[in-house]
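Undergrad: Dropping the structure in here first, questions after.
The values are calculated or read from the model by the stated rules, or taken from the named source; none is laboratory data. Please read all numbers here as calculations on a predicted model, not as lab measurements. Don't worry about glycine lacking a Cβ; one is built from the backbone with ideal geometry, like all the others, and counts go over all protein chains shown.
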Amino acid sequence: MTSLQTRRRFLASAASVAALGGLSTLLPAVARPAWAAAPLRLAVERRVLEVLGKPASVFGIRQPDGTSGLFLDPGQRFLVDLANRAGEDAIIHWHGMTPPYAQDGVADANRPLIRDGASQSYDFEPRPGTHWMHSHHGLQEQRLMAAPLIVRAAEDRREDTQEVTVLLHDFTFKDPAEVLAGLTGGGMEHGSMNHGGGHGGGHSGHGSGHGGAMPMMNHSMDMKGMGDMKGMGGMTMAAMDLNDVEYDAYLANDRTLDDPEVVRVERGGRVRLRLINGATSTAFHIDLGALDGTVVAADGNPVQPVTGRRFGMVMGQRLDILVQLPAEGGAFPVLAQREGERQRTGIILATPGATVNKTGGLADAAAGPVDLSLEQRLTALAPLAPRPTDAAFTIRLTGGMAPYVWTIDDRPFGEHRPLTVRKGQRVTVTMVNESQMAHPMHLHGQHFQVTALNGTALAGAVRDTVLVPMNGSATIAFDADNPGRWPLHCHNLLHMATGMMTELVYEQTI
Ligand SMILES: [Cu+2]
């Protein structure tokens with residue numbers, strides 16, 4: 001019996017006691033429901049996905065019936081047996097969950113990888129909201145080792161909405177290791193053909209239909225001539241620093257706009273979009289087209305409603321958006337356009353009998369950068385209680401393209417200085433971006449409230465991933481209530497892989 005299995009039995013008995021108190025108004029105080037007894041089964045597997053007419057070997061995280069990811073009902077426990085059939089060692093991070101440290105799903109000195117062919121058991125109280133799961137090992141996430149993790153709240157059921165979950169991803173036919181090697185200089189032959197492309201006019205020809213020859217581009221120029229680039233104008237510089245990698249396709253629930261998912265919806269109905277940016281290196285603008293949307297949750301946490309038709313979301317983030325369909329019905333694309341680019345992906349909401357026209361994989365115009373304009377409008381419905389700060393940290397986001405190494409306080413992970421806290425403290429972390437790219441920063445183990453952006457205080461969203469734009473800053477606050485050793489890292493996979501990660505470490509807990 002593994003230690004986790006032992007732990008699970010202990011936790012299960014503790015949970016039963018808690019359930020008697022906490023759920024007594026919802027459930028009869030008799031036997032636990034049937035679902036509580038049997039663990040849900042998930043497997044990390046290899047699969048073949050057809051992208052733009054070509055087969056690609058990717059990963060998946062699926063239930064025995066083929067469902068990707070998990071959808072838990074209100075009150076349901078995260079009781080899961082995860083089998084690794086990936087053909088290699090793996091570990092799955094439950095992004096958005098705040099489990100006990102040992103169950104977080106990140107390999108480190110205290111928690112091993114799940115060996116190929118082995119299984120791991122999990123048992124904890126899940127956190128309601130739109131979340132996801134993904135590999136936290138190597139570059140597996142780039143090969144789609146990612147899936148939704150939806151934890152429904154009782155209020156969701158009362159809304160009378162149809163739930164539509166969309167997992168966004170960026171996709172390359174290349175081996176992700178080659179992509180990274182191309183960036184770090186270990187494989188320049190793969191990137192050298194791109195130097196003439198640039199980001200301006202030469203880029204407009206790329207669509208979701210272009211070939212698989214050039215998975216990296218923009219910054220291949222940087223590696224040859226940082227000096228030259230520094231002399232370029234501000235807009236050009238900004239545009240060139242949006243994206244590290246040129247992808248072959250952008251996926252919404254595994255599909256491109258050549259063959260998108262068409263979701264049947266009701267005329268005059270209401271839909272709760274659960275949008276997940278699971279891309280490794282792409283920030284998206286969500287484009288609702290003709291529909292008005294209302295953002296009601298950020299990273300699974302309810303916010304004061306914010307209306308609009310276009311919303312930015314960076315890697316790792318989730319948005320819950322309510323949309324009202326018109327009484328006359330129709331077909332309504334829900335699109336996600338890559339920042340700085342024309343490429344987009346999406347799904348189609350269609351009422352019965354509606355004509356679904358083809359939506360092109362290229363928008364009419366390139367999108368600007370995803371910025372803080374939405375973040376600045378978000379206000380948590382359940383903010384942190386006011387109290388003095390016990391521990392305040394400032395970290396600098398550093399590193400760059402030449403060499404391709406991303407760091408925190410100029411230190412790559414491994415040479416990092418952990419942020420040390422004690423249980424019970426109110427902690428703030430100010431992240432100052434001194435590098436030439438934006439970074440979506442994600443903290444494991446606890447959600448935080450955004451309390452300042454670019455030095456301006458606000459009572460922002462409670463969430464687990466926040467954008468720190470180029471030349472910008474963000475301050476987050478949280479109560480240290482979940483002892484462990486928690487990663488704090490950039491959710492650009494390539495930035496994390498080259499070092500942009502530190503740890504929040506609770507004293508006397510490990
Ligand atoms: Cu980054």
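Undergrad: Given the criterion outside the structural domain of residue 491 (by TED's automatic domain parsing) and over 21 Å from residue 442 (Cβ atoms), identify the matching residue among 275, 291.
TA: Exactly one residue qualifies, and that residue is 291.
Undergrad: Also: Under the condition of being part of a strand (DSSP E or B) and in contact with a His (Cβ under 8 Å, 6 or more places away or on another chain), which residue from the stretch 112-138 is nearest to residue 300 (Cα to Cα)?
TA: 131
Undergrad: Then there is this: Pairs under 9 Å by beta carbon, first residue of a type in the set (Ser, Thr, Tyr) in the stretch 321-350, partner surrounded by fewer than 20 Cβ atoms within 10 Å (Cβ to Cβ) and at pLDDT 95 or above, six or more apart or different chains?
TA: So the pair list comes out as 345/255.
Undergrad: Next question. Checking the structure you have, find out if any residue of the stretch 501-510 is touching a residue at least 60 places away in the same chain (Cβ under 8 Å), within 16 Å of the ligand (Cβ to nearest atom), under 27 Å from residue 305 (Cα atoms) and of a type in the set (Ser, Thr, Tyr).
TA: No, there is no match, as no residue in the stretch 501-510 is touching a residue at least 60 places away in the same chain (Cβ under 8 Å), within 16 Å of the ligand (Cβ to nearest atom), under 27 Å from residue 305 (Cα atoms) and of a type in the set (Ser, Thr, Tyr).
Undergrad: Moving on. Quick one: residue 345 ticks every box in (1) surrounded by fewer than 19 Cβ atoms within 10 Å (Cβ to Cβ); (2) away from the ligand (no atom under 16 Å from the Cβ) except a single one, so which number is it?
TA: Only one criterion in (1) surrounded by fewer than 19 Cβ atoms within 10 Å (Cβ to Cβ); (2) away from the ligand (no atom under 16 Å from the Cβ) is unmet by residue 345, namely (1).
Undergrad: To continue, here is another question. Just wondering, is there one or more residues in the stretch 446-455 that are more than 14 Å from residue 375 (Cα to Cα) and outside the structural domain of residue 281 (by TED's automatic domain parsing)?
TA: Going residue by residue through the stretch 446-455, those that are more than 14 Å from residue 375 (Cα to Cα) are 446-447.
Going one step further and asking which of them are outside the structural domain of residue 281 (by TED's automatic domain parsing), we end up with 446-447.
Yes: one or more hits.
Undergrad: For a quick check of your reading of the model, give me the residue pairs whose first member lies in the stretch 434-447 and is free of Cβ contacts under 8 Å to residues at least 60 places away in the same chain, whose second is within 8 Å of the ligand (Cβ to nearest atom) and in a strand (DSSP E or B), with beta-carbon atoms closer than 9 Å and at least 6 apart or on different chains.
TA: 434/397; 435/397; 435/406; 441/397; 441/490
Undergrad: For residue 441, all conditions in the list (1) crowded, with 24+ Cβ neighbours inside 10 Å; (2) away from the ligand (no atom under 14 Å from the Cβ); (3) closer than 23 Å to residue 398 by Cα hold save one; what is the number of the exception?
TA: (2)
Undergrad: Next up: What pairs can you find where one residue is in the stretch 388-413 and on the phi > 0 side of the Ramachandran plot and surrounded by fewer than 23 Cβ atoms within 10 Å (Cβ to Cβ), the other is part of a strand (DSSP E or B) and hydrophobic (A, V, I, L, M, F, W, C), and their Cβ atoms are less than 7 Å apart, with a gap of 6+ or different chains?
TA: 409/395
Undergrad: Restricting the stretch 457-500 to residues that are more than 16 Å from the ligand (Cβ to nearest atom) and of a type in the set (D, E, K, R), which is nearest to the chain's Cα centre (by Cα)?
TA: 463
Undergrad: Here is a further query. Please tell me if residue 420 is within 15 Å of the ligand (Cβ to nearest atom) and within 23 Å of residue 102 (Cα to Cα).
TA: Judged against the criteria, residue 420 is not a match.
Undergrad: Answer yes or no: is there a residue in the stretch 351-360 that is surrounded by 15 or more Cβ atoms within 10 Å (Cβ to Cβ), over 19 Å from residue 453 (Cα atoms) and out of contact with any Leu (no Cβ under 9 Å at 6 or more places or on another chain). Reasoning before the result, please.
TA: So in the stretch 351-360, the residues surrounded by 15 or more Cβ atoms within 10 Å (Cβ to Cβ) come out as 351, 354, 359.
Still in the running and over 19 Å from residue 453 (Cα atoms): 351, 354, 359.
Applying the additional criterion that residues be out of contact with any Leu (no Cβ under 9 Å at 6 or more places or on another chain) yields 354.
Checked against the condition, which is being surrounded by 15 or more Cβ atoms within 10 Å (Cβ to Cβ), over 19 Å from residue 453 (Cα atoms) and out of contact with any Leu (no Cβ under 9 Å at 6 or more places or on another chain), the stretch 351-360 yields at least one hit.
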